[in-house]
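Below: one structure, written as structure tokens.
The values are calculated or read from the model by the stated rules, or taken from the named source; none is laboratory data. Given the structure is predicted, the values throughout are model-derived calculations rather than measurements. For neighbour counting, all protein chains shown are included, and Cβ atoms are generated from backbone atoms with ideal geometry for every residue, glycine included.
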Amino acid sequence: MNVVSNRRYKVASFLTALALICSVADRGRKVPIPPEVGAASPERSVVVIVRSDDPELPDPAPPDAVLSYEQVDAVVKRAISLGRLDRVIEPGDWVVLKPNIVTCTPIKDNYLGMGNDGKRHKGQVTDLRVVKSVIDYLVHMERPPRRITIAEGGAEWRNLDDPLKNPSQTEDGWTVHWPEFGGLSYVDIVDEYDGVNGVKVDIVDLNYDDWLDADGVVRGNGPPIPVPDPNHMGITWLQRPEGYYVSKTLLECDKLINLPVMKTHDIPGVTLIFKNYVGTFMQRAYGQTDNSKMLLHRYAGNENVPKGFIDLFSYRPTDYAIVECFWGTEGNGPQWGDDVKLNLVVAGGDPVATEAVAAAVMGFNPRDLDYLYWAEAKGFGTFDMDRIEVVGRSIGEVRYSFKKSKGWRGQGPGFVGRPNRVWLLNGPYEGNDLDVDYIDEHGISPEEGSVSGGKEWRRYEGGEDYIDLSEVLGLEPTVTAYAFAYVYVYSDLNAQIWTGADDGIKVWLNGEVVLEKKRAGGKTLTRNKVPVYLRKGINRLLVKVSNLYGGYGFSLGIFEEDGDTPWGLRYLLSPQVQVGETTPAPSCFALYRNYPNPFNCWTTIPFRVPKESLVRLDVYDLSGRRIRTLVNARIGAGEHRIGWDGRDDTGREVSSGVYVVRMEAGEFSDASKITLLR
């Protein structure tokens, strides 16, 4: 089979396999991501950290020193040697390198030039010396790849071949020379290495690349390709139910090496491996004539952009990542912000683990990054630090706390960590006086299924910061409800509780009132901040919310002053759980109540498996007819969730009504009723 026909065969095979994957994983089905427990591999992932002052390097230099190409090359080569990139690349591979070239500084009218007061912003793009070093490594392998392509779709500049470019434009992201990066340009790098050891080295501008639709038509206008579930985790799309048009280059290549730069971001917190996929969005397939990626923002709102880049990642996951910070961006990144110099590289073959370690190096708690939960749940890797082996320098040795983004142009709260989304709920009770005690508030220590005030404590797990009590417990005026969680910390801790509510709220920590407001000022997490002291071990957190009229609910998290969740802090539903980075196996099977219930288009069904077992979850109508099989597979020990979109096994929407979910595993059998309202 020749090279061209082999490429076509691979694309056809991908589309055929994708159709099968999507049929198994419920094509077009939106699956909420577990708020706490993902699908981490049991194997440990290796992530490498190398900094310019490592004594093993031939010419060590301080982390703030201006480095030569030879020094940068030594850092990169040590990282990818320790991280065994050689085990990823196979002879004859077509390898795509995906750097970040979001901007092109010399173009005077470009977006960045205005946003950064016209100053050069070297920390916003991948250091070209890193790209050159990786290519040099690949072409000189004993059995090198067949082709190396540098591929990117920069958002803030047009290719010189673009007929709509500014007539005065003389350079683009491929031709411009960066004095901060050894005076290199991408064109220079290609010219130097193309043909070395028979390896073809070239450039593909993804802004102008061919795309494929779901029918396999090049530059077709048929339906987009559904978002795949490559690891068969039961999760397809997160942002776009219809899917995306996808670069032909990305679908055809054999390996993808991701080369992002460390930057802060006001939405996901950081922009590293996963956010780098925004540069793969094929905006021209949707009718755009410029290179802006704002369609990802406009489609579902800024807050859902991380779901979009996890979707894009799903089509062509990263095989190896090299995150660099010879220069990076802190503060109001990614467009503005300040350049920061660390002279280090974080590298690994597990993109989730590598992202987590890079974020930790930047001073972020990986557990605050929502998209890591989604990526782990889709089977792309683990961010459980107990399952990550850091080789080379430790995180603590090189950590530098990046200034957080304060929002668009520095106006707004910016990035805030992840509040608690796992609670025990109790209520509602008639009346909305915060001073009325319905449950023995000061001494309460409930567990799931226990009863207080004549009402059962129910487990709740949500995917959003705001806990909508009216949706979970019912929409009733002038009522009061409770939420409870145990909080584990590994040492005594001074922190802050951040909370918002609609309407009144009262909060106890270890039986002591720490906050009481009859009008909390709104549901936003940053509305109220109070200092608190948590003792080593288990702490009791009780929240009471009153409703005057309309809906009611709250959001609450425990944070450090800058909005990060303290390291080692865990929210639990039982004081008996032994906390480490990993979650212990549960002791028995359980089928939990779905949420929301009633539901309109989507509900989540949590369940528990104590040991690896054959598990079946089915949905029946009240006549006993099976409507949908949600799970029929061997499932590992742990807390799990599956979603139902109100469709039967053929994909047809079922009518409004009451349905029964039945779980069977060995001798265990349980069922619960759920209500669908169209």
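Within region 282-297, is there a residue that is in the same structural domain as Ala214 (by TED's automatic domain parsing), in contact with a strand residue (DSSP E or B) (Cβ under 6 Å, 6 or more places away or on another chain) and surrounded by 18 or more Cβ atoms within 10 Å (Cβ to Cβ)? Don't jump to the end; show me each part of the working.
Of all residues in region 282-297, those in the same structural domain as Ala214 (by TED's automatic domain parsing) come to 282-297.
From the residues that got through so far, the ones that are in contact with a strand residue (DSSP E or B) (Cβ under 6 Å, 6 or more places away or on another chain) too are 282, 285.
When the remaining residues are screened for being surrounded by 18 or more Cβ atoms within 10 Å (Cβ to Cβ), the result is 282, 285.
Yes; the residues of region 282-297 include at least one that is in the same structural domain as Ala214 (by TED's automatic domain parsing), in contact with a strand residue (DSSP E or B) (Cβ under 6 Å, 6 or more places away or on another chain) and surrounded by 18 or more Cβ atoms within 10 Å (Cβ to Cβ).
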Mind checking which pairs have a first residue in region 329-344 that is within 17 Å of Val361 (Cβ to Cβ) and in a strand (DSSP E or B) and a second that is modelled with pLDDT under 90 and among the small types (Gly, Ala, Ser), Cβ under 9 Å, 6 or more apart or different chains? Thr329/Gly337; Glu330/Gly337; Glu330/Ser405
Selection from region 138-164 of residues under 30 Å from the mean Cα position of the chain (by Cα) and not β-branched (Val, Ile, Thr) yields Leu138, Ala151, Glu152, Gly153, Gly154, Ala155, Glu156, Trp157, Arg158
Checking the conditions here, which among Arg662, Arg634, Arg626 is among the basic types (Lys, Arg) and touching a residue at least 24 places away in the same chain (Cβ under 8 Å)? Arg662
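Criterion first (of a type in the set (Phe, Trp, Tyr), part of a strand (DSSP E or B) and in the same structural domain as Gly123 (by TED's automatic domain parsing)) does Phe326 satisfy it? Lay out the reasoning, then the answer.
Values: of a type in the set (Phe, Trp, Tyr): yes; part of a strand (DSSP E or B): yes; in the same structural domain as Gly123 (by TED's automatic domain parsing): yes.
Yes; evaluated as a whole, the condition is true for this residue.
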Which of the residues that make up region 187-221 are within 30 Å of the chain's Cα centre (by Cα), surrounded by fewer than 16 Cβ atoms within 10 Å (Cβ to Cβ) and polar (S, T, N, Q)? Asn221
What about Gly333, is it surrounded by fewer than 23 Cβ atoms within 10 Å (Cβ to Cβ) and under 19 Å from the mean Cα position of the chain (by Cα)? no
Would you be able to say whether some residue in region 109-128 is modelled with pLDDT of 95 or more, in the same structural domain as Val357 (by TED's automatic domain parsing), outside any helix (DSSP H, G or I) and among the small types (Gly, Ala, Ser)? no
Among residues of region 489-534, those that are β-branched (Val, Ile, Thr), surrounded by 19 or more Cβ atoms within 10 Å (Cβ to Cβ) and either part of a loop (DSSP other than H, G, I, E, B) or at pLDDT 95 or above (or both), counted: 5
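Taking the condition modelled with pLDDT under 95, in contact with a helix residue (DSSP H, G or I) (Cβ under 8 Å, 6 or more places away or on another chain) and more than 27 Å from Val345 (Cβ to Cβ), does Val398 pass? Let's see the steps before the verdict.
Details: modelled with pLDDT under 95: yes; in contact with a helix residue (DSSP H, G or I) (Cβ under 8 Å, 6 or more places away or on another chain): yes; more than 27 Å from Val345 (Cβ to Cβ): no.
The answer is no for Val398.
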Using beta carbons and a limit of 6 Å, which pairs, at least six apart or on different chains, have the first residue in region 56-82 and among the aromatic types (Phe, Trp, Tyr) and the second one surrounded by 16 or more Cβ atoms within 10 Å (Cβ to Cβ) and in a loop (DSSP other than H, G, I, E, B)? Tyr69/Gly182
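Here's the yes/no breakdown for (1) under 27 Å from Asn231 (Cβ atoms); (2) surrounded by fewer than 19 Cβ atoms within 10 Å (Cβ to Cβ); (3) in contact (Cβ under 8 Å) with a residue 40 or more places away in the chain; (4) assigned by TED's automatic domain parsing to the domain that holds Gln335:
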residue	(1), (2), (3), (4)
Thr382	yes, no, yes, yes
Gly396	no, yes, no, yes
Val436	no, yes, yes, no
Thr478	no, yes, yes, no
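Could you check region 202-218 and list, in sequence order, the residues that are within 20 Å of Pro228 (Cα to Cα) and not in a strand (DSSP E or B)? Give the steps one after another, and end with the answer.
Applying the first criterion (within 20 Å of Pro228 (Cα to Cα)) to region 202-218 yields 210-218.
Asp210, Asp213, Ala214, Asp215, Gly216, Val217, listed by residue number.
Please enumerate the residues belonging to region 348-363 that are assigned to a loop (DSSP other than H, G, I, E, B), at negative phi and either surrounded by fewer than 24 Cβ atoms within 10 Å (Cβ to Cβ) or without any contact (Cβ under 8 Å) to a residue 40 or more places away in the chain (or both). So that I can check it myself, show each step before the final result.
Going residue by residue through region 348-363, those that are assigned to a loop (DSSP other than H, G, I, E, B) are 349-350, 362-363.
Filter once more, keeping what is at negative phi: 349-350, 362.
Once the filter is applied, which keeps residues that are assigned to a loop (DSSP other than H, G, I, E, B), at negative phi and either surrounded by fewer than 24 Cβ atoms within 10 Å (Cβ to Cβ) or without any contact (Cβ under 8 Å) to a residue 40 or more places away in the chain (or both), region 348-363 yields only Gly349.
Of the residues Thr126, Thr170, which is touching an Asp or Glu at 6+ places or on another chain (Cβ under 8 Å) and of a type in the set (Val, Ile, Thr)? Let's see the steps before the verdict.
On the way: Thr170 fails: touching an Asp or Glu at 6+ places or on another chain (Cβ under 8 Å).
Just a single option satisfies the conditions, and that option is Thr126.
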Reported set for region 157-173 where residues are surrounded by fewer than 22 Cβ atoms within 10 Å (Cβ to Cβ) and under 29 Å from Val66 (Cβ atoms) is Thr170, Glu171
State whether the residues of region 264-278 include one that is under 28 Å from Tyr400 (Cβ atoms), of a type outside the set (Phe, Trp, Tyr), part of a helix (DSSP H, G or I) and touching a Lys or Arg at 6+ places or on another chain (Cβ under 7 Å). yes
Sole exception among (1) buried (at least 21 other Cβ atoms within 10 Å of the Cβ); (2) touching a helix residue (DSSP H, G or I) at 6+ places or on another chain (Cβ under 7 Å); (3) on the phi < 0 side of the Ramachandran plot for Gly269, by number: (3)
Condition test on Ala321, is it surrounded by fewer than 22 Cβ atoms within 10 Å (Cβ to Cβ) and among the aliphatic types (A, V, I, L, M)? no
Is it the case that region 76-84 has a residue that's modelled with pLDDT under 90, assigned by TED's automatic domain parsing to the domain that holds Leu342 and surrounded by fewer than 19 Cβ atoms within 10 Å (Cβ to Cβ)? no
Going through region 660-672 in order, the residues found to be assigned to a strand (DSSP E or B) and either over 32 Å from the mean Cα position of the chain (by Cα) or of a type in the set (Asp, Glu) (or both) are Val660, Glu664, Phe668, Ser669, Asp670, Ala671
Quick count over region 640-659, residues being farther than 20 Å from His232 by Cβ and either in a strand (DSSP E or B) or free of Cβ contacts under 8 Å to residues at least 40 places away in the same chain (or both), is 10
If the Cβ limit is 9 Å and pairs must be 6+ apart or interchain, which residue in region 509-537 that is assigned by TED's automatic domain parsing to the domain that holds Val479 pairs with which residue that is in a loop (DSSP other than H, G, I, E, B) and β-branched (Val, Ile, Thr)? Gly511/Ile444; Leu525/Val416; Thr526/Val416
Pick out the one residue from Asp188, Asp266 that is in the same structural domain as Asp73 (by TED's automatic domain parsing) and free of Cβ contacts under 8 Å to residues at least 12 places away in the same chain. Asp188
Can you run down the residue pairs with Cβ atoms below 6 Å, 6 or more apart or on separate chains, where the first is in region 295-310 and more than 17 Å from Trp374 (Cβ to Cβ) and the partner is surrounded by 16 or more Cβ atoms within 10 Å (Cβ to Cβ) and at pLDDT 90 or above? Leu295/Gln283; His297/Val305
